[in-house]
Amino acid sequence: MRIIIDRLVLPIRSLVPAVILLVSLFSACSQSTSLTARPLTVAASVAFTEGPTVAEDGTVYFTDLDNSRIMRLSTDGSLSTFRQPSYRANGLLFDSEWRLLACEGGDGSATLPRVTRTNMTTGAIEVIADSYNGKQLHQPNDLTFDSKGRIYFTDRPGVHIKPEQTGVHAVYRIDTDGSIERILTEPEVMRPNGIVISPDDQTLYVIETEQSEGGPRLIQAYDLSSEGTVSDMRIFHDFYPGRSGDGMTIDSQGNLYVAAGLNQLRGTSETLDTVAGIHIFSPSGELLEHIPVPEDTITNAAFGGPDLRTLYVTAGKTLFSFRTDIVGTRR
């Protein structure tokens with residue numbers, strides 16, 4: 001059975017009712033071990049969604065890259081703009097003190113690429129990273145944190161790079177005293193995107209998303225030390241030749257929920273071998289379940305809800321959600 005879903009892109013001041021779509025969830029991925037049907041909900045529709053995260057009161061924040069804004073979806077279903085311009089904010093995350101962290105690509109002039117932290121009570125915005133060893137960041141993409149409050153983020157060359165600088169693909173750690181350390185760089189990482197840390201703080205996962213022929217499209221896992229350094233890289237899952245993961249989150253049992261794949265080709269060397277959806281992997285790398293998402297391009301996921309068992313998924317112009325069997329984390 002084919003379900004065709006028509007969606008209206010609404011103005012930001014509109015109220016977007018939640019539309020329950022009972023999708024016949026099947027997996028065209030031969031690796032999938034579960035065909036469990038799940039109710040997939042369209043929570044909101046905008047332009048190009050990314051970076052979902054959920055506040056303490058249940059409000060969902062996510063980014064709209066095309067219009068350089070951060071959106072918020074309240075628990076009553078109303079959609080509004082939290083910040084515009086967002087300086088091309090991509091990945092978002094609430095830290096352990098419920099301050100909003102944002103990876104921003106900058107505007108190419110006065111506002112340079114940076115990672116910011118917003119006090120949700122006062123609205124004050126603090127720049128916590130915009131350079132390393134005297135050179136500006138390039139395009140911070142996604143971020144996570146550990147139980148000590150340290151922040152880890154991916155950075156890769158983008159459009160707003162000073163002419164005298166050479167792009168560097170890297171992963172950085174921001175310590176609680178504000179100091180910044182580069183923990184991975186080329187050729188250890190080629191085009192890092194999504195990043196997350198296991199609940200026990202012992203494993204760091206990084207997604208590689210190189211679209212060129214032969215480029216890495218995989219999840220790398222590293223041992224993470226108590227000092228925040230990494231070692232013992234291994235390939236956790238290889239998506240090649242399909243589209244790699246983009247963003248991801250992790251549940252309380254250490255299972256990864258990875259937004260990956262395509263429904264249609266997009267003019268790159270990526271194939272349709274990876275079916276668009278949420279790919280759920282056990283800590284050992286076994287594919288436990290695949291939840292198809294009927295829209296391109298699927299980008300990221302985050303847990304929310306009062307019991308942390310609602311997964312919010314950004315894909316194309318839509319924010320989806322579905323219920324999970326296992327309690328999530330806020331990472």
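The values are calculated or read from the model by the stated rules, or taken from the named source; none is laboratory data. Every value quoted in this text rests on a predicted model; they were computed, and no experiment measured them. All Cβ positions, even for glycine, are placed from backbone atoms using ideal geometry, and neighbour counts span all protein chains on display.
I'd like the residue in region 176-195 that is under 21 Å from the mean Cα position of the chain (by Cα) and not hydrophobic (A, V, I, L, M, F, W, C) and, out of all such residues, is farthest from HIS138 (Cα to Cα). Taking the candidates together, the pick is GLU188. Only residues that are in contact with a Gly (Cβ under 9 Å, 6 or more places away or on another chain) and assigned to a strand (DSSP E or B) were counted across region 289-314, and they come to 15. When THR111 is tested against the conditions (1) surrounded by 14 or more Cβ atoms within 10 Å (Cβ to Cβ); (2) within 24 Å of VAL196 (Cα to Cα); (3) modelled with pLDDT under 95, the lone failure is (2). Picking from residues in region 189-231 that are in contact with an Asp or Glu (Cβ under 6 Å, 6 or more places away or on another chain) and without any contact (Cβ under 8 Å) to a residue 24 or more places away in the chain, the one that is nearest to HIS279 (Cα to Cα) is ASP223.
Checking region 249-268 against the condition returns a match, with at least one residue being touching a His at 6+ places or on another chain (Cβ under 6 Å) and touching a residue at least 60 places away in the same chain (Cβ under 8 Å). Tell me, yes or no, whether region 136-145 has at least one residue that is in contact with an Asp or Glu (Cβ under 7 Å, 6 or more places away or on another chain), of a type in the set (S, T, N, Q) and over 19 Å from ASN300 (Cβ atoms). Looking for residues that are in contact with an Asp or Glu (Cβ under 7 Å, 6 or more places away or on another chain), of a type in the set (S, T, N, Q) and over 19 Å from ASN300 (Cβ atoms), one finds at least one in region 136-145, hence yes. For beta carbons closer than 6 Å, sequence separation of 6+ or different chains, a first residue in region 278-295 that is at positive phi and small (Gly, Ala, Ser) and a second that is modelled with pLDDT of 95 or more and crowded, with 18+ Cβ neighbours inside 10 Å, the qualifying pairs are GLY285/PHE236; GLY285/HIS237. Among the residues making up region 290-331, a single one is closer than 18 Å to ILE207 by Cβ and of a type in the set (Asp, Glu): ASP296. Of the strands (runs of 3 or more DSSP E) entirely within region 62-111, those holding at least 2 residues that are on the phi < 0 side of the Ramachandran plot and among the basic types (Lys, Arg) occupy 69-73.
Among the residues of region 114-136 satisfying the criterion of being polar (S, T, N, Q) and at pLDDT below 95, which is surrounded by the fewest Cβ atoms within 10 Å (Cβ to Cβ)? Steps first, please.
Start the filter on region 114-136 by keeping residues that are polar (S, T, N, Q), which leaves 116, 118-119, 121-122, 131, 133, 136.
Now drop any that are not at pLDDT below 95, which leaves 131, 133, 136.
Values: SER131: 13, ASN133: 6, GLN136: 15.
Here the residue is ASN133.
Inspect region 136-159 for any residue being among the β-branched types (Val, Ile, Thr) and farther than 25 Å from ARG72 by Cβ and give the result as yes or no. Looking for residues that are among the β-branched types (Val, Ile, Thr) and farther than 25 Å from ARG72 by Cβ, one finds at least one in region 136-159, hence yes.
Residues that are more than 18 Å from GLY58 (Cα to Cα), surrounded by fewer than 20 Cβ atoms within 10 Å (Cβ to Cβ), over 18 Å from the mean Cα position of the chain (by Cα) and among the polar types (S, T, N, Q) are absent from region 240-252 altogether. Applying the criterion of being in a strand (DSSP E or B) and among the hydroxyl-bearing types (Ser, Thr, Tyr) to the residues of region 253-288, the residue that is nearest to the chain's Cα centre (by Cα) is TYR257.
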